[in-house]
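The values are calculated or read from the model by the stated rules, or taken from the named source; none is laboratory data. Nothing here was measured: the structure is a model prediction, and the numbers come from that model. So basically every Cβ, Gly included, is an ideal-geometry build from the backbone, and we count neighbours across all protein chains shown. The area values use the complete protein model at the heavy-atom level, side chains included, leaving out ligands, DNA and RNA. Shrake-Rupley method; radii C 1.70, N 1.55, O 1.52, S 1.80 Å.
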Amino acid sequence: MAGGKVRKVFSRFFLVINCIIAGIFLIACLVPYLNPSTWWFMGIMGLSVPYMALLLVFFIFFWWVAKPSWSLIPIIALLIGWKQLSVLFATNKYETFTEKKDSTYLRIVDWNTRSFEGLSNKADKKRIDRATIPEAIMAQKPDIICLQEFNNSAAQNNLRRFKEFYPYHYFSKDFERRKQGYQAGCIIFSKYPIVDSGKIRFPGNSSESLIYADIATPKKIVRIFTTHLQSFKFKQEDYEGIEIIKNTENKTLPASKSLLQKMKLAYTKRGEQADIVRKALDHSPYPTIICGDFNDVPNSYTYFHIRKDWQDVFLTTSLGIGRTYIALAPTLRIDYILPDNNFYVQQFDLVDEDLSDHLMLVADLGIK
């Protein structure tokens, strides 16, 4: 008798927890429909979706054993949020990437090169040889290269490293130190002639922009966009603050406040930037591909608004979560290659060269 009462109390307790998690999950599933320039806090909730989904899957199995009829609660919640879940996990059969490129396809590389600084923030750690990154990219034999956080200077002429094989390029030069001859931003390299190009600077004091190049490929002109959307701009002390929060020390409140302020600014700006990017894509006169570091996960307003009904090469060809940013969490896919429906995706790969905090994206695309 007493055992039955205990089981009943525990069942009700877990039911309450299940309902709370289902509620949080469903609220977070509204993220793609709410522009973070107004609803910035919803962007943070969007980060919880994969973890809430895992907990709901756990409850399906739990209720299936304890009380099968209650398993409908997590099942219905997951079905309602299926659109958001479908962009988090690719379900294709795993196939090995063929390094030898078919000449009928365009091979595109997209990579945030982290300013050619390697993986360490520590000044006392020797930086990588800057020739290593161009060598790693050219080893893929791409036709078109889109890089974010690219820089060039008189002392470190990174443009020269690509010039022999990629005679055409368009460089955003978002940030310049003229005295030092230093320039930084996004860049598009091409084997084929660039017949037109342009830059759309994002509003405010942003040091980011959206650039495009119209490239005369052997089949037809295609427009390639690349961009680096507003990041959280976390510094070393912010990562230390995350550790403080994890360890619940007495400095938790100041650390949390600093992180929230940076996240609010980033989500607000990315909402505005996503609208600008989508408008530019809608006005493209050619078959179009956008590559870049969106600094946002797939179940975000940024991703859904920019992608719209276009293809995501990762979802089309791959298996798994597809993390592209190697710090903080195992679920951060924030770099993308999104072609419109004038293309078909032949193959795709994520390449970890251990040279940046982002993975390199490589895709072979055919023009319909």
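Structure above, values below:
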item	result
Under 14 Å, Cβ to Cβ, from residue 67 - net charge with Lys/Arg +1 and Asp/Glu -1	+3
Heavy-atom accessible area order for 83, 173, 141, largest first, 1.4 Å probe	141, 83, 173
Helix-derived mean residue ellipticity, 222 nm - over the chain, DSSP H n ≥ 4, -39500 (n - 2.57), to 500	-11000 deg cm²/dmol
Angle between the chain longest axis and helix 252-282 axis [Cα atoms, degrees, rounded to 10]	60 degrees
Cα-based convex hull, the chain, per residue volume (Å³, whole number)	168 Å³
Accessible heavy-atom area order of 228, 169, highest first, probe of 1.4 Å	169, 228
Solvent-accessible surface ranking, highest first, for 98, 91, 324 at 1.4 angstrom	91, 98, 324
Phi-based couplings in Hz for segment 52-63 (Karplus 6.51, -1.76, 1.60; Gly and Pro marked x)	5, 5, 4, 5, 5, 4, 4, 5, 4, 5, 4, 6
Cα gyration tensor shape of segment 10-69, rounded if a/c is under 1.5, else prolate or oblate by comparing a/b with b/c	prolate
